[in-house]
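Quick note: the coordinates plus some simple rules give every number you see, no bench work behind them. This is a predicted model, so every value here is computed, not measured. Here the Cβ positions follow ideal geometry from the backbone for every residue, glycine too, while neighbour counts run over all protein chains shown.
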Amino acid sequence: MNIAFVLNGEDVSIDADGEVRLVDILRNSFNLAGTKSGCRTGKCGACSVLFNGDVVKSCLVPVFKIRGSEIITIEGFSKTDEYKDIARAMADAGVHSCGFCESGKIMAMAALVSRDTHPVKNDILAGFSGIRCRCTDPDALVRAAVAAIEYRRKKVYGRSS
């Protein structure tokens, strides 16, 4: 089955069995190793990508579902100004990651920052609920999300809230 989609801003297509998982296509066919193949059951979140702007666990997505869609991986996202703001906010907030979960946390934060300009603590924590790793203090994630939103607001509008 030929599947055409946009990957990190580029039009691509791949011939694949429609039931192959997106994580395997990204890693094996496109050499995008930042999308980790962790639990393969959707519980750890290390394989998180942006799928039409929403964070999804790519180990749960059969590749036939991505036809005509836009997929952004950590490799593509890391080239954006939004990534720089999130990375800065995470560093400023003292977010420390084990490395395995880091791309999942960044992608979850990207989705959160893009859709919610005034989240409360519970909303922020819910945004990270799909990332199963205990290497990061939840309060640090909250501080980082608030800071990332503020950095974006300043760049877009030239002011704070």
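Structural remarks
- Principal semi-axes of the equivalent ellipsoid, √(5λ) from the alpha carbon gyration tensor of the chain, are 28, 17, 12 Å from largest down.
- Listed residues GLY158, TYR83, SER103: farthest to the positive end of the dipole of the chain (Cβ charges): GLY158
- Computed from label points 7 Å out along Cα-Cβ, the spacing between SER97 and ASP15 is 3.6 nm.
- 18 Å Cα cut-off, lysine pairs counted over the chain (separation 8 or more, or different chains): 12
- Taking every alpha-carbon pair under 8 Å whose residues sit at least 6 apart, the chain reaches a relative contact order of 23 percent.
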